[in-house]
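Following: one structure in structure tokens, then a few remarks.
What follows draws every value from the coordinates through simple rules; no lab data is involved. Keep in mind that this is a model prediction, so the values were computed, not measured. Glycine gets a Cβ as well: all are built from the backbone with ideal geometry, and neighbour counts include every protein chain shown.
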Amino acid sequence: METQTNMPEFAVGELAGAIKGVLREAFGRVRVRGEITECKRYPSGHIYLSLKDADAKLESVVWKMSVRNLAVQPENGLEVIATGRIDTYADRSKYQLVIDRLEYAGEGALLAKIEKLRVALKAEGLFDAERKKAIPLLPARVGVVTSEKGAVIQDIRTTIARRFPRPILLWPVQVQGQGSAELIARAIEGMGALPPGLRPDVLIVARGGGSLEDLMAFNEEVVVRAAANCPIPLISAVGHETDTTLIDFASDRRAPTPTAAAEMAVPARIELLADLSQRGGRLHHAMRGWMERARGALLRAERGMPAMPDVVAGLRQRLDDRGERLRQALPGLIGAKRAALTRLHLPHPREGIAARRGMLALLAERLRGGFAAGQARRRAAPMLARFSEGPVLARLRERRTALDGLSARLESVSYQSVLARGFALVRDAKGRAVTHAAEVKPGAALTIAFQDGEAHVHADKPKSEPLQGSLF
């Protein structure tokens, strides 16, 4: 049995739609202050995040069509004020904030973000002094990245025209608002990519004063990196003298105002002329002093030089003397060579031929004698064979025994046996035996014979003191 009630009955979708309508009607557009957490960008282009404070957390979404219009890119830990409308997500029965505008929640959040980025970029070395480039003394062309409207470009033009007129290449950009940071970065990179004939020698990135939010484009990472990597010496002139942005740390020079940047970029013509005049005077004075010193040295050298006619006369006399001595030296040399040739005893060629003939005759005679002896031995061989076992063999043994005895006696008196007992034989360069130390001169080449070979030595200073004692 069904229970009767007067409560209306809703479908799930109807109830979800009714809740969405109530929320939209009750809140409409709202501004919510909180810290961004759980920020995630999806491939579709949508950004999902949450806003939280000490008491609650509100899930939020930024649709793709609204992302490009945001003045602040959402990051975790950033405190912002989000503007949008409350909506529901019926599939998960939750409500969310659909954001179409983001702004920083006061200067504290901005300064915290700037300081965090500054520390990170400094750790990378983008602010190191070694990266700084020198500003040229007199650039041929000055580049300027700023807005084409306003007083900044007019101040730069007026200052350059007053100090030293130079061509100005302006790259107009938007200096604040959404997308201005990317435009400034592209302008800096574009200036550096120009061909050498068009590229400026110095680049000024300038903007007038404003609030911290107005100068925020020059604190963006893309601008700071473009300034640090710029191949052209870069002068930053953003805001007033008390304003400091991150591009000031990455630039090669920082100017307190755009006018001061123009003064840094080009010198004052009057000052250059005055400096040039002063340097010219100093150079003229130095050259005059140098010439006076050179003139004095030349005069002193002139007084110390001998008279040239006397020098020439002396040289001419020496030349005559050498010529005369040369004429006399040639006949004398020829006479000396002729006398030396006369003293030489050269045999006549006929004597040499006769000596060679006699030697050939002697060799022929010896050859004939040897041939006859060989014939005689061959004829006597049969006869010797008959006496091989008789008295001839006994006679040979007797003679061999006597020869062995004589060899033993000779060996006993030979100096080789003396060497075997540890003595040595000393001979000079001509092979003669040296028996006295006085015969040896210092540095003389000696040969010392031992039992198993010889050693070649050079004598030191001999010692002629008599030997003490006896060898035995």
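Which entries of Lys52/Lys113; Lys20/Lys94; Lys40/Lys64; Lys40/Lys113; Lys20/Lys40; Lys52/Lys94 show an alpha-carbon separation above 20 angstrom in the structure shown?
Working: Lys52/Lys113 18 Å; Lys20/Lys94 10 Å; Lys40/Lys64 13 Å; Lys40/Lys113 18 Å; Lys20/Lys40 25 Å; Lys52/Lys94 16 Å.
Correct reply: Lys20/Lys40.
Among the chymotrypsin sites (Phe, Trp or Tyr not before Pro) in the stretch 53-96, which ones are in a DSSP loop with at most 15 other Cβ atoms within 10 Å of the Cβ? Mind listing them? Before the final figure, lay out each step's value.
Values: sites: Trp63, Tyr89, Tyr95; in loops: Trp63.
Answer by residue number: Trp63.
Report the longest stretch of the chain that contains none of the trypsin sites (Lys or Arg not before Pro) sitting in a DSSP loop with at most 10 other Cβ atoms within 10 Å.
Working: sites that count: Arg68, Lys149, Arg421, Lys430, Arg432, Lys463.
For trypsin sites (Lys or Arg not before Pro) (loop position, at most 10 other Cβ atoms within 10 Å), the longest site-free span of the chain is 150-420.
Go ahead and estimate [θ] at 222 nm for the chain from helices alone: -39,500 (n - 2.57) per DSSP H run with n ≥ 4, summed, over the residue count, rounded to 500. Show your work: numbers first, answer last.
Details: 13 runs with 225 residues, N = 472.
Counting only the DSSP helices, I get -16000 deg cm²/dmol.
Provide the net charge surrounding Phe371, with neighbours chosen by a C-beta distance below 14 Å and charges set as Lys +1, Arg +1, Asp -1, Glu -1. Each step should come with its number before you reach the end.
Values: positive: Arg366, Arg368, Arg377, Arg378, Arg379; negative: Glu365.
Charge balance in the 14 Å sphere: +4.
Roughly what would the spin-label model give for Met291 and Arg279, points 7 Å off Cα along C-beta, in nm?
Going from the Met291 label point to the Arg279 one covers 2.1 nm.
Pick out, in residue order, every one of the GluC sites (Glu not before Pro) in the stretch 55-139 that is DSSP loop and has at most 16 other C-beta atoms within 10 Å; say none if there are none. Intermediate results must be reported in sequence, preceding the final value.
Details: sites: Glu59, Glu75, Glu79, Glu103, Glu107, Glu115, Glu124, Glu130; in loops: Glu75.
Those that pass, being in a loop and sparsely packed, are Glu75.
What is the distance, in nm, between label points placed 7 Å from the Cα along the Cα-to-Cβ direction at Trp63 and at Arg400?
13.8
What whole-number distance in Å separates the alpha-carbon centres of the stretch 195-249 and the stretch 280-343?
73
Where Rh is the Kirkwood radius over the Cα pairs of the chain, the temperature 37 °C and the viscosity 0.692 mPa s, what D in µm²/s does Stokes-Einstein return? Show your work: numbers first, answer last.
Values: Rh = 37.8 Å.
Value of D from the Cα-based Kirkwood radius: 87 µm²/s.
For Phe450, Phe127, what ranking results if the residue with the fewest other Cβ atoms within 10 Å of its Cβ goes first?
Phe450, Phe127
Less than 10 Å Cβ to Cβ from Ala185, Lys/Arg counted +1 and Asp/Glu -1: what total charge do the surrounding residues give? It would help to have the intermediate numbers written out before the result.
Working: positive: Arg186, Arg225; negative: Glu182, Glu189, Glu220, Glu221.
Combined, the nearby Lys, Arg, Asp and Glu give -2.
What fraction of the DSSP beta bridges in the chain is antiparallel, stated in percent and rounded to the nearest 5?
Details: 37 of 55 bridges.
Of those bridges, close to 65 percent are antiparallel.
When Lys and Arg each count +1 and Asp and Glu each count -1, what net charge do the other residues less than 13 Å away from Thr159, Cβ to Cβ, add up to?
Numbers: positive: Arg157, Arg162, Arg163, Arg166, Arg269; negative: Asp155, Glu263.
My count for the surroundings of Thr159 gives +3.
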